[in-house]
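The values are calculated or read from the model by the stated rules, or taken from the named source; none is laboratory data. Only a predicted model underlies this, so the values are computations on that prediction, with no experimental measurement involved. Here Cβ is always computed from backbone atoms with ideal geometry, including for glycine, and neighbour counts include all displayed protein chains.
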Amino acid sequence: MNPEFSYLSEVSAEKGNLIKGLQLIQEREGYVSDDGIKAAAAHFSLADAEVEGVLTFYAQFKRNKPGKYQISTCDGTACHIKGAPLIQEWLTTALGIKSGETTEDGLFSIETVACLGCCSLAPVMAINGRVYGKLDRKALLKIINEYKKQG
């Protein structure tokens, strides 16, 4: 097994523990890479394709390395009514990526979530857990540009 994934030994190698193992990889790495798939396949004595099948079935798993700044856009009812689709459109235009993608420079990634629990601030987004609410295009672009300056 790849020594980089030696922490998988914390999970019993029974095939029924594959999801636990994949969750551990994602927790440690931020996503499940091709190397992570190979390590999980070796640990659980499965084919790479079987592990990939589980990864693609469950939406909780990420196959792309997240950016330094992970943007979560809320698409819950309140946010959707108050402009969440526009927030997503403005982010796509400003960063050149859609939900589920990471910028080439590795700075930003976007994911759409069902709810951030800040309905009174709709529409909202969070960057690395910090919530920004009552967004309009000008405010969103200002926030993104501040993060770009930080690098």
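For T73, indicate whether it is under 17 Å from the mean Cα position of the chain (by Cα) and not in a helix (DSSP H, G or I). Yes: the conditions hold for T73. Restricting K134, K98 to residues that are over 12 Å from I71 (Cβ atoms) and in the same structural domain as T73 (by TED's automatic domain parsing) narrows the list to K134.
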